[in-house]
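Contents: one structure, followed by commentary.
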Amino acid sequence: MTMNLFNQFLSPTFLGLPLIAIALMAPCLLYPSPAPWWQSNRWMTLQNWFIGSFIKQTLSPINTKGHSWALLLATLMVFLITLNTLGLLPYTFTPTTQLSLNMAFAVPLWLATVIMGFRNSPTHALGHLLPEGTPTPLVPILIIIESISLLIRPLALGVRLTANLTAGHLLIQLVSSAAFSLLLSQTTAASLAVGLLLLLTILEIAVAMIQAYVFVLLLSLYLQENV
Amino acid sequence: MMSRLVILSANSLKGSGPFGAGLVHASRSLHTSSQSRAPVPPLPETGGKVRHGIFPEEIFQLLYPKTGVTGPYMLGTGLITYLLSKELYVINNETLSAICIFSVIIYGVKKFGPSVAAFADKLNEEKLAKAQEVKDLAMSGLTQAIENEKKEQWRVEGRAMLFDAKRNNVAMLLETNYRERLHMVTNEIKRRLDYQIALQHLNRRLEQEHMINWVEKSVIGSITPQQEKESIAKCIADLKMLAKNTQAKATV
């Protein structure tokens with residue numbers, strides 16, 4: 001039974017051929033592409049509006065130099081939201097449950113912000129390691145603590161996304177298998193489990209979108225600190 | 001719906017990509033087809049019709065001649081029964097979670113679909129309204145320019161009248177000026193003549209007064225003291241007589 005639960009997180013293969021590339025690149029085909037006429041259809045308008053308002057909201061606290069990250073953040077957001085929400089459909093594989101993918105996003109982007117900060121204004125970047133108004137005896141310990149918290153950021157970013165999605169998918173599997181096995185013998189308990197499953201599904205949809213947003217938001221915050 | 005999306009995406013991706021360009025433009029570069037870009041045929045207002053949200057209407061129309069109205073439904077039921085009975089699709093816990101997620105999605109689409117569509121339409125309408133406003137402003141500006149031009153042409157016709165009026169004005173001004181000057185001249189002459197008259201009057205009066213003074217002085221000089229005394233006595237006698245007369249009148 002335990003083996004069965006984690007099968008959904010195995011990287012998909014078909015006759016030995018890895019399908020992970022298709023799983024990563026196929027979702028973008030679902031999005032409308034701009035047409036040569038100037039007034040687009042509803043899908044395109046909604047997509048434009050969504051990306052436009054998201055970028056406006058995310059980049060407004062960042063100064064002009066950091067605005068070159070707009071395309072990266074928008075793409076990341078759309079990619080993560082798509083992967084997360086598509087993974088809620090049955091029999092699908094969610095690439096963002098793999099720690100490797102999430103760390104591959106978190107570490108380079110976080111490292112980029114840190115290196116940018118240290119290159120452009122090293123004193124300002126080092127100044128982030130000591131909060132204002134700390135009493136003098138605490139200063140050495142606090143610097144060590146702040147640098148540990150700085151170094152743990154990529155780990156936290158990646159593991160947060162992985163853990164949230166993996167936990168959600170596991171819960172869905174567990175509750176649905178409990179409901180399924182109870183379906184014929186104890187129907188009332190099964191119906192309670194189905195109710196729980198419905199609520200859990202709604203929660204998972206919310207979590208999928210929120211986690212993607214949180215990932216990008218935290219990255220934008222690290223960018224704001226260092227640019 | 002997703003198949004249509006794939007077709008749409010592939011259609012739009014057709015022009016991009018490494019080999020896509022060749023597919024589209026092959027016939028155009030060789031000039032084998034008479035295809036031209038203008039005039040572009042009008043786009044359909046609404047998307048393709050679907051039944052139950054995902055099945056295109058074309059399938060129903062395709063099967064209608066052979067199997068009637070219930071044909072596609074029988075096909076669907078038969079397919080599902082086949083998959084389930086042959087255990088090609090196994091009902092397991094994923095089925096339950098599938099039911100849950102699809103019911104949530106369908107509920108969401110049914111409840112929020114129209115409002116989201118109206119929002120998208122509103123965004124499009126605003127975009128269209130902006131362009132329409134630009135066009136309307138341009139048109140009204142141009143009609144205004146035409147009217148201004150017509151007015152200028154009408155003004156040109158009245159130019160002769162304007163010149164006549166101006167000429168009249170100038171003539172009147174000259175006339176008025178001439179009359180004023182005439183009046184001024186007459187006034188000045190009259191003033192000078194009046195001065196001369198006043199001078200003559202003054203001379204006559206002075207002569208008269210001088211003569212009167214001389215006559216008086218000579219008369220007063222000719223009165224001797226003897227004559228003066230006689231006249232005074234006569235006056236006194238006259239006065240006494242008068243007093244006696246009045247006294248007598250009063251007592252009577």
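The values are calculated or read from the model by the stated rules, or taken from the named source; none is laboratory data. Predicted, not measured: the structure shown is a model, and the values here were computed from it. Every residue, glycine among them, receives a Cβ derived from its backbone with ideal geometry; neighbour counts consider all protein chains shown.
Return the residues of the stretch B:53-89 that are surrounded by 11 or more Cβ atoms within 10 Å (Cβ to Cβ) and charged (D, E, K, R); say none if nothing qualifies.
B:E57, B:E58
Among the numbered conditions (1) within 11 Å of chain B (Cβ to nearest Cβ); (2) free of Cβ contacts under 8 Å to residues at least 24 places away in the same chain, tell me where A:S68 comes up short.
Every condition holds for A:S68 apart from (1).
Results for (1) closer than 26 Å to A:I22 by Cβ; (2) among the aliphatic types (A, V, I, L, M); (3) part of a loop (DSSP other than H, G, I, E, B), shown as yes or no for each residue.
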{"position": "A:L89", "(1), (2), (3)": "yes, yes, yes"}
{"position": "A:N102", "(1), (2), (3)": "yes, no, no"}
{"position": "A:I115", "(1), (2), (3)": "no, yes, no"}
{"position": "A:T134", "(1), (2), (3)": "no, no, yes"}
{"position": "A:E146", "(1), (2), (3)": "no, no, no"}
{"position": "A:S149", "(1), (2), (3)": "no, no, no"}
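Within the stretch B:49-57, is even one residue under 60 Å from the mean Cα position of the chain (by Cα), at pLDDT 65 or above and more than 24 Å from B:D121 (Cβ to Cβ)?
Quick first cut of the stretch B:49-57, residues under 60 Å from the mean Cα position of the chain (by Cα) only: B:49-57.
From what's left, at pLDDT 65 or above: B:49-57.
Checking which are more than 24 Å from B:D121 (Cβ to Cβ) leaves us with B:55.
So far as the stretch B:49-57 goes, yes, one or more of its residues are under 60 Å from the mean Cα position of the chain (by Cα), at pLDDT 65 or above and more than 24 Å from B:D121 (Cβ to Cβ).
Could you tell me whether A:S68 is surrounded by 13 or more Cβ atoms within 10 Å (Cβ to Cβ) and either closer than 30 Å to A:L221 by Cβ or modelled with pLDDT under 90 (or both)? I'd like the intermediate steps shown before the answer.
Values: surrounded by 13 or more Cβ atoms within 10 Å (Cβ to Cβ): no; either closer than 30 Å to A:L221 by Cβ or modelled with pLDDT under 90 (or both): yes.
Here the answer is no, as A:S68 does not meet what is asked.
Kindly indicate whether any position in the stretch B:27-35 is modelled with pLDDT under 75 and surrounded by 11 or more Cβ atoms within 10 Å (Cβ to Cβ).
Restricting attention to the stretch B:27-35, the residues satisfying the condition of being modelled with pLDDT under 75 are B:27-35.
Those left that are additionally surrounded by 11 or more Cβ atoms within 10 Å (Cβ to Cβ): B:27-28.
Looking through the stretch B:27-35, at least one residue is modelled with pLDDT under 75 and surrounded by 11 or more Cβ atoms within 10 Å (Cβ to Cβ).
Would you check if A:S11 is among the hydroxyl-bearing types (S, T, Y) and more than 18 Å from A:A104 (Cβ to Cβ)? Steps first, answer last, please.
Details: among the hydroxyl-bearing types (S, T, Y): yes; more than 18 Å from A:A104 (Cβ to Cβ): no.
So A:S11 fails the test.
Please list, ordered by first then second residue, the pairs with beta carbon atoms under 8 Å, 6 or more apart or interchain, first in the stretch A:184-209 and in contact (Cβ under 8 Å) with a residue 40 or more places away in the chain, second outside any helix (DSSP H, G or I).
A:T201/A:L88; A:E204/A:L88; A:I205/A:L88; A:A208/A:G87; A:A208/A:L88
Counting only residues that are closer than 18 Å to A:M77 by Cα and among the aliphatic types (A, V, I, L, M), which one in the stretch A:32-47 is farthest from the other protein chains (Cβ to nearest Cβ)?
By that ranking, first place goes to A:M44.
Being within 14 Å of chain B (Cβ to nearest Cβ) and of a type in the set (K, R) is the filter here; which residues of the stretch A:121-179 pass it?
The initial filter retains those residues of the stretch A:121-179 that are within 14 Å of chain B (Cβ to nearest Cβ), namely A:168-179.
Scanning the stretch A:121-179 gives no hits.
Report yes if some residue within the stretch B:165-177 is free of Cβ contacts under 8 Å to residues at least 12 places away in the same chain and touching a helix residue (DSSP H, G or I) at 6+ places or on another chain (Cβ under 7 Å); otherwise report no. Write out each step before concluding.
Quick first cut of the stretch B:165-177, residues free of Cβ contacts under 8 Å to residues at least 12 places away in the same chain only: B:165-177.
Still in the list and also touching a helix residue (DSSP H, G or I) at 6+ places or on another chain (Cβ under 7 Å): none.
No, the stretch B:165-177 has no match at all.
Among the listed residues A:I51, A:I22, A:I62, A:I55, identify the single one that is of a type outside the set (D, E) and more than 26 Å from A:L223 (Cβ to Cβ). Steps first, answer last, please.
Working: A:I51 fails: more than 26 Å from A:L223 (Cβ to Cβ); A:I62 fails: more than 26 Å from A:L223 (Cβ to Cβ); A:I55 fails: more than 26 Å from A:L223 (Cβ to Cβ).
Result of the check over A:I51, A:I22, A:I62, A:I55: A:I22.
Determine which single condition A:F50 fails, assuming it passes every other condition in (1) among the hydrophobic types (A, V, I, L, M, F, W, C); (2) touching a helix residue (DSSP H, G or I) at 6+ places or on another chain (Cβ under 8 Å); (3) within 14 Å of chain B (Cβ to nearest Cβ).
For A:F50, the exception is condition (2).
Mind checking which residues of the stretch A:54-65 are loosely packed, with under 11 Cβ neighbours inside 10 Å and free of Cβ contacts under 8 Å to residues at least 24 places away in the same chain?
Of all residues in the stretch A:54-65, those loosely packed, with under 11 Cβ neighbours inside 10 Å come to A:56, A:60, A:63-64.
Listed by number, the residues that qualify are A:K56, A:S60, A:T64.
Against the definition (in contact (Cβ under 8 Å) with a residue 60 or more places away in the chain and under 19 Å from the mean Cα position of the chain (by Cα)), how does A:I51 come out, yes or no? Explain how you work it out, then say what you get.
Working: in contact (Cβ under 8 Å) with a residue 60 or more places away in the chain: no; under 19 Å from the mean Cα position of the chain (by Cα): yes.
Judged against the criteria, A:I51 is not a match.
Kindly list the number of the only condition in (1) within 30 Å of B:A38 (Cβ to Cβ); (2) in contact with a Gly (Cβ under 9 Å, 6 or more places away or on another chain); (3) more than 9 Å from chain B (Cβ to nearest Cβ) that fails for A:L59.
Tallying (1) within 30 Å of B:A38 (Cβ to Cβ); (2) in contact with a Gly (Cβ under 9 Å, 6 or more places away or on another chain); (3) more than 9 Å from chain B (Cβ to nearest Cβ), A:L59 fails exactly one: (1).
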